[in-house]
Structures are given as C-alpha cells and as structure tokens.
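One structure coming up, written as structure tokens, with questions to follow.
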Amino acid sequence: MKKTNAMRILDDYGIPYEAIEYDGTSFHSGMEVASITGEPANLVYKTLVTHSKDQYFVFVIPSNGELDLKKGAEILGVKKLEMLPVKDLLHKTGYIKGGCTSIGMKKQYPTFFHQDAKKKEYIYISGGKRGIQLKLNANDLKNVMDIRFVDVLKE
C-alpha cells in the first residue's frame, strides 16, 4: 500500500496507527465502510467540512451519527453553520468525498471530534484516500493538530 499524506504526517509525529485497505474504487458512506471492514459503526468516523460565511470548520463524528449544525454553530459562536458543498471539497481541503480526513488538509481548519472519541481505545478515520482507513487513538491526534472534543450529534 502506498502511503498517503495523512500516514506520512502521523509517521513524522510518531503517532501509532494501523492502515486498513479495502476496495475504494467508488464512494462508500461511513456506514458502508463499517460493514466492509466489519467494525461497529460507532468506531468508524466520518469527516464533515462546514462553513459559516468565509470560515471553515471540520467535524469528525461516528458514521452512525448525524451532525447537529445548530449545536455546531453554538459551539463556534456563529449565527449559521452549513455543510460545505461537495463541489468545493477538493479545492478547500485537498481531499475528495469518501477520502477526506482531518489530517493534512491544504489548510488546517478548526477541528472538532465528537466527545466519545476521546474515551475510546481506538477509532477509524479516513486515511486521506478512498479505500484506506486508519485505526488510531483520537487523543494522539492532539499532538498533530489542535482538536477539541465536543458534543455535536443530533439527539
């Protein structure tokens, strides 16, 4: 398997991870990735990019959860928060839908993980390319980037 930019960054920081490869020739939702890899959906996290006017924010949540944009806006202190249109994802992050990860974006946007991630021994996040998931401890990512753990899921 060829290393992705996200893997190289983790290697540079000495962050332990396990790369899991699967057929990534097409887009798979987080729930589908959980099924393909045989992992529980609450351990397979998806990366969502949002914006408020010209500010961008990243939320990493369990694949079986739904981002509450109102909660996110409240946490950020902005009036309204919206999902970044898919057509803008590559330009803003350097990643495509299904291969977007919070590690190694073109620009490091404020990043928020759902609070349960910090309590888990490991979670899976995209490896920065369709077909690659990284198994790691979310707390270790604090050494790589500035992240906060918050409650952002819809009830």
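If I go through the stretch 123-146 residue by residue, how many of them are crowded, with 18+ Cβ neighbours inside 10 Å and either of a type outside the set (V, I, T) or without any contact (Cβ under 8 Å) to a residue 60 or more places away in the chain (or both)?
Residues flagged as crowded, with 18+ Cβ neighbours inside 10 Å and either of a type outside the set (V, I, T) or without any contact (Cβ under 8 Å) to a residue 60 or more places away in the chain (or both) within the stretch 123-146 amount to 13.
Select from the stretch 123-146 the residues that are more than 11 Å from the chain's Cα centre (by Cα) and of a type in the set (V, I, T) and write down the one among them that is modelled with the lowest pLDDT.
Within the stretch 123-146, the match that is modelled with the lowest pLDDT is V144.
Could you list, in sequence order, the residues of the stretch 75-99 that are farther than 20 Å from I147 by Cβ and either in contact with a His (Cβ under 7 Å, 6 or more places away or on another chain) or not β-branched (V, I, T) (or both)?
Hits for the stretch 75-99 are K79, K80, E82, P85, K87, D88, L90, H91, K97, G98.
Which pairs do you get when a residue that is more than 16 Å from R148 (Cβ to Cβ), found in the stretch 53-74, comes within reach of a residue that is assigned to a strand (DSSP E or B), reach meaning Cβ atoms under 6 angstrom, with the pair 6+ apart or on two chains?
Once the first residue is more than 16 Å from R148 (Cβ to Cβ) and sits in the stretch 53-74, its partners that are assigned to a strand (DSSP E or B) give P62/Y45; S63/V44; S63/K46; G65/L153.
Go through (1) in a helix (DSSP H, G or I); (2) touching a strand residue (DSSP E or B) at 6+ places or on another chain (Cβ under 9 Å); (3) farther than 25 Å from D23 by Cα one by one and return the number of the condition V78 breaks.
(1)
Which residues, taken from the stretch 65-83, are over 25 Å from N139 (Cβ atoms) and crowded, with 19+ Cβ neighbours inside 10 Å?
L81
Assess whether E21 counts as being of a type outside the set (K, R) and without any contact (Cβ under 8 Å) to a residue 12 or more places away in the chain.
no
On to the next question. Condition first: open to solvent by less than 40 Å² (accessible area, probe 1.4 Å) and either in a loop (DSSP other than H, G, I, E, B) or closer than 15 Å to L141 by Cβ (or both). Now tell me which residues in the stretch 30-52 satisfy that.
Within the stretch 30-52, A41, L43, Y45, T47 qualify.
Return yes or no: is T101 of a type in the set (V, I, T) and free of Cβ contacts under 8 Å to residues at least 60 places away in the same chain?
So T101 fails the test.
Oh, and also: Could you please tell me which pairs satisfy a Cβ distance under 9 Å, a separation of 6+ or placement on different chains, a first residue in the stretch 105-118 that is farther than 10 Å from F149 by Cβ and modelled with pLDDT of 95 or more, and a second residue that is assigned to a loop (DSSP other than H, G, I, E, B) and open to solvent by 60 Å² or more (accessible area, probe 1.4 Å)?
P110/D146; T111/D146
The values are calculated or read from the model by the stated rules, or taken from the named source; none is laboratory data. These figures come from a predicted structure and were not determined experimentally. With ideal geometry, Cβ positions are generated from the backbone for all residues, glycine too; neighbour counts draw on all protein chains shown. Accessible surface is based on the protein model in full, side chains and every heavy atom, while ligands, DNA and RNA are left aside. Shrake-Rupley method; radii C 1.70, N 1.55, O 1.52, S 1.80 Å.
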